[in-house]
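In what follows, a single structure is set out as structure tokens and then discussed.
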Amino acid sequence: MTMSLFTPLVTFLWFCFSIGALGAQNLDGLLPNGNFEISPRKEKLNKTVLIGKHALPNWIIHGLVEYVSGGPQPGGMFFAVQHGVHAVRLGNEASISQNITVKPGSFYALTFGATRTCAQDEVLRVSVPPLSGDIPIQTLYSTTQEDTYAWGFRATGKTAQVIFHNVGVQEDPACGPLLDAVAIKELLPPYPTKGNLVKNEGFEVGPHVFPNSTAGILLPPKQQDSTSPLPGWIIESLKAVRLIDSAHFSVPYGKFAVELVAGRESAIAQVIRTVPNHHYNLSFLVGDAKNGCHGSLLVEAFAGNATVKVPFQSSSKGGYALASLKFVASGYRTRLTFYSSYYHTKTNDTAALCGPVIDEVRVYPLKL
């Protein structure tokens, strides 16, 4: 009798502990109905148009939002939906939003599949008030599947409102950004170590990666290090850079690296602490992602006023080379910058952008 009472009690206490532990875990995965596979009720749909503010489960909609399936569409279009079967298309000035529980002061990154549906300048605005950013999606980095992006923010309260908004007014009302899966991940801030002044030197701290995503994750331009989806790094260029993983690409070291996909229009940077007039060495790895990027690759690296050009001849079989640059710090802060000197496209897809890979960035003082 005692055991029969004890067993349910233990089960109940374990259940309560599990729920508490789950709530304390770092977020890392899809938002509720983040892949839009929980379908709206039939009465909430007029063909593909969602009817009502709460028509899409777990989301709040404003304006003309369509619930669509991937594949060929009427009129000859094709919707590339990689993360499941369904997606949403945002009409002129339409938006979808969702409130999520977060930790005040913590850093997060949203990962989402997004692509344009027409050959027009389409912009997807991502917001977590008071922060917002515009993702220019008129450039297609892959022509065989949708692009996947990441966007970072810092939580200001216990609840964050995630909003995706089509800010444009298209000539064709049937056009508008297509939004596929949406995930979130809490980012733990990286720190420099005694042997390396660079934070997140191997790009191992970053956004959620979809298991079936084979095109990498685009990190949008003009991301500051305070809210970057790649902690410690600034994406300061006009075009995105791509975070690649070892499951689908050739990565020099660890699980992740960065591919500079748009020549001088895609650059990453970091500001490190230095001692004026002290000598330092910058080292990093340069390689190719084994993704069809073939030919003469060239990375330019800057550390303060010093610069180095690192060539790498790619046969698209992977591989990497070690590069280094000695410099003298002119102040208490030194900016490191990396970009690709040339523009490249894949040999098997001449419309898809690609470029050299960098990894394992290290800066350490020299003893003279």
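The values are calculated or read from the model by the stated rules, or taken from the named source; none is laboratory data. Not measured: the values here are computed from a predicted model. A quick note on method: Cβ atoms are made from the backbone with ideal geometry, for glycine too, and the neighbour counts reach across all protein chains shown. Note: accessible area is taken over every heavy atom of the protein model, side chains too, but ligands, DNA and RNA are not part of it. Shrake-Rupley method; radii C 1.70, N 1.55, O 1.52, S 1.80 Å.
The listed residues E259, E43, E37, E66 rank as E43, E37, E66, E259 when sorted by accessible area, largest first, using a 1.4 Å probe. For the range 177-225, trypsin sites (Lys or Arg not before Pro) are listed when DSSP marks them as loop and at most 16 other Cβ atoms sit within 10 Å of their Cβ; the list is K194, K222.
Multiplying the residue separation of K326 and L366 by 0.36 nm and removing their Cα-Cα distance gives an extension gain of 13.5 nm. Coupling constants for the range 54-69 follow from the phi torsions by the Karplus curve (6.51 cos²θ - 1.76 cosθ + 1.60, θ = phi - 60°), and in residue order they are 10, 5, 9, x, 6, 10, 10, 10, 9, x, 7, 10, 9, 9, 10, 10 Hz; glycine and proline get x.
The accessible area of Y364, taken with all protein chains in place and a 1.4 Å probe, comes to roughly 80 Å². When all alpha carbon pairs of the chain are counted in 20 Å bins from zero, the resulting P(r) reads 28, 51, 19, 2 %.
Sparsely packed loop sites in the range 281-368 (the trypsin sites (Lys or Arg not before Pro) outside DSSP H, G, I, E and B with at most 16 other Cβ atoms within 10 Å) comprise K317, K367.
Across the chain, C-alpha contacts under 8 Å between residues 6 or more apart give a mean separation that, scaled by the residue count, equals a relative contact order of 14 percent.
Distance between the pseudo-spin-label points of H279 and A306 (7 Å out from Cα toward the beta carbon): 0.9 nm. When +1 charges are put on Lys and Arg Cβ atoms and -1 charges on Asp and Glu Cβ atoms, the dipole computed for the chain relative to its Cα centre reaches about 880 debye. Here the gap between T156 and S315, fully extended at 0.36 nm per residue and compared with their Cα-Cα distance, gives a gain of 52.5 nm. The heavy atoms of T117 present about 20 square angstrom of accessible area, all protein chains included, probe 1.4 Å. Computed over every Cα-Cα pair of the range 248-288 and binned at 10 Å starting from 0, the pair-distance distribution P(r) comes out as 19, 41, 30, 10, 0 percent.
Excluding ligands, DNA and RNA, the accessible surface per residue across the chain is 47 Å² with a 1.4 Å probe. Using R0 = 41 Å, the C-beta based FRET efficiency linking N33 and V271 works out to 0.55. If you sort the three axes of the alpha carbon gyration tensor as a ≥ b ≥ c, you get a/c of 1.5 or more for the range 186-225 and a/b above b/c, which makes it prolate. For the range 124-263, taking Cα atoms only, Rg and Dmax work out to 15.7, 57 Å respectively. Scanning residues 5 or more positions from V205 or on other chains, none has an amide H under 5 Å from its amide H, with H placed 1.01 Å from N in the peptide plane. In the calculated pair distance distribution of the range 215-283, what percentage of Cα-Cα distances lie above 16 Å? The share of Cα pairs beyond 16 Å in the range 215-283 comes to 55 percent.
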